[in-house]
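Worksheet: the structure to be examined is printed underneath.
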Amino acid sequence: MTIKNATYIKSSAFIAQCPEHHAPEYAFIGRSNVGKSSLINMLAGNKKLAKTSATPGKTLLINHFEINGGAWYLVDLPGYGFAKRSKTERAKLENMIAGYILQREQLTNLFVLIDCRHEPQQVDLEFMQWLGESGIPFSIVFTKADKLGKQALGNSINAYMKRLAEDWEPLPPYIVTSAETRQGRDELLDYIESINKEITQS
Ligand SMILES: Nc1nc2c(ncn2[C@@H]2O[C@H](COP(=O)(O)OP(=O)(O)O)[C@@H](O)[C@H]2O)c(=O)[nH]1
Ligand SMILES: [Mg+2]
């Protein structure tokens, strides 16, 4: 699938503010700094579309990007697990994220981003557990693949999936990506296209 155009629509603090449409939404979530905004820009082929930052914890809103004239949407969600936030700020963000994930009818698939260099972290494992219990369809996207050599990358992902196999049967699908080298771009776009096709057929 090709992305012909990608347009920023708006940033919303809660679901009632989100854009009104009936197209599928693909949302990206994960810890602050995992590479959500960079991945969206890499997919869209526009480095300036979503704001990226070397300082974690900057995205505090739900950001909608319209793809191919509204055929579908990419959604950049705030990062979770950012330690430097106050308790009340964290609770507010968690409510916003949970509200979107549980109530947004257009949400078609959630991509949970994991830095390929990291060992399984409790916050991510618990988040995926919660998604499972809530019946939310999700897939894993490993980010920053350019930061590891081929062998180390393979080992790290195998170890991660092995840990997930303790909780999951079948395992969630996963895609390995890099915003730097554009690794995984076609695979991710084909994956989205196949889900879009399934929806229009049903
Ligand atoms: N080397 C490398 N750096 C990345 C990649 N993706 C993101 N980054 C860097 O990681 C930092 C956080 O990225 P950002 O997209 O803002 O993360 P977010 O907080 O999850 O939205 C930025 O400094 C990015 O340049 C990647 O695939 N490879
Ligand atoms: Mg971001």
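Every number in this text was worked out from the coordinates using simple rules, so none of it is lab data. Small disclaimer: the values here were computed from a predicted structure and weren't measured. Cβ atoms come from the backbone with ideal geometry, glycine included; neighbour counts cover every protein chain shown.
Kindly identify the stretch 51-113 as rounded, prolate or oblate by the Cα gyration tensor criterion: order the square roots of the eigenvalues as a ≥ b ≥ c, call it rounded if a/c is under 1.5, otherwise compare a/b with b/c, prolate if a/b is larger, else oblate.
Working: a/c = 2.63, a/b = 1.54, b/c = 1.70.
In terms of gyration-tensor shape, oblate.
Output ³J(HN,Hα) for the stretch 18-23: one whole-Hz value per residue in order, computed from phi by the Karplus curve 6.51 cos²θ - 1.76 cosθ + 1.60 with θ = phi - 60°, and x for Gly and Pro.
So the J values, rounded to whole Hz, are 5, x, 8, 6, 10, 8.
Under a point spin-label approximation (7 Å from Cα along Cα-to-Cβ), what is the Ile9-Ile199 distance to one decimal in nm?
My value for the distance between the label points is 1.0 nm.
Relative to the Cα centre, what is the charge dipole magnitude of the chain, using +1 at the beta carbon of each Lys and Arg, -1 at the beta carbon of each Asp and Glu, and rounding to the nearest 20 debye?
Working: 23 positive and 22 negative charges, 196 e Å.
Here the size comes out at about 940 debye.
Order of 100-109, 60-69 by packing, highest average Cβ count within 10 Å first?
Numbers: 100-109: 16.6, 60-69: 18.8.
The packing order, highest mean first, is 60-69, 100-109.
Residues with amide H under 5 Å of Leu113's amide H, sequence separation 5 or more or different chain, H placed in the peptide plane at 1.01 Å from N; which?
Long-range HN contacts for Leu113: Ile29, Gly30, Val141.
Could you tell me which of the pairs Lys48/Lys197; Lys4/Lys144; Lys87/Lys150; Lys10/Lys84 are separated by over 32 angstrom between their Cα atoms in the structure shown? Write down the numbers at each step before the final one.
On the way: Lys48/Lys197 29 Å; Lys4/Lys144 25 Å; Lys87/Lys150 39 Å; Lys10/Lys84 26 Å.
Distance filter (> 32 Å) returns Lys87/Lys150.
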